[in-house]
């Protein structure tokens, strides 16, 4: 069973390792620049941990994924969700994202945004199946637009990217999250 819990400082090396491992999936589709990217800095992860916007996913007490969230333009924002390559396809990313959606709903946000690769199967098409819709550039708020500019500047846009938005009134999951400690 997938267990999702708030991340703690001791998780930081595991979260960084998950990020490096998860990035290897991009090598399989020719996006080596993403696969070679560095994991998040410990200080950035610590900010999320202290802000209670970092969640760790475990299978059999082994860290296999994590998610980070923030507030962008007055809405929830999924900064990152990563799952170890060997654990992909087991619903771990969905459970982590569900936790982020629940966090956003508890905080009273109307929507959750994210930025992602448009054509990578486990990115844009996956989020579209979950109800996220692409946001045209002129529909992005100033902070989301700044995230997109920053992605271009640091070289993340090695394949077409987009911003997406999910209206949380459409996010329906049964009862309280049974996977969360």
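FYI, it's all coordinate maths here, none of it is from the lab. Worth saying up front: this structure is predicted, and the values here are computed from it rather than measured. Don't worry about glycine lacking a Cβ; one is built from the backbone with ideal geometry, like all the others, and counts go over all protein chains shown.
Numerical summary
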{"item": "Length gained when the stretch residue 138-residue 47 is fully extended (0.36 nm per residue, less Cα-Cα span)", "result": "29.8 nm"}
{"item": "Projected label distance in nm at residue 106 and residue 130, using a 7 Å step from Cα toward the beta-carbon", "result": "1.7"}
{"item": "Estimated 222 nm signal from helices in the chain, with DSSP H stretches of n ≥ 4 weighted -39500 (n - 2.57), rounded to 500", "result": "-10000 deg cm²/dmol"}
{"item": "Potential lengthening between residue 118 and residue 29 on full extension [0.36 nm per residue; Cα-Cα distance subtracted]", "result": "30.7 nm"}
{"item": "Percent of beta bridges antiparallel (DSSP, the chain, rounded to nearest 5)", "result": "90"}
{"item": "Residues listed by number, the range 1-35, amide nitrogen under 15 Å from residue 86 label point at 7 Å toward C-beta", "result": "17-25"}
{"item": "Where only alpha carbons of the range 66-154 are counted, the Rg and the Dmax (Å)", "result": "13.1, 38"}
{"item": "Cα-only radius of gyration and Dmax that characterise the range 2-170, units Å", "result": "14.9, 44"}
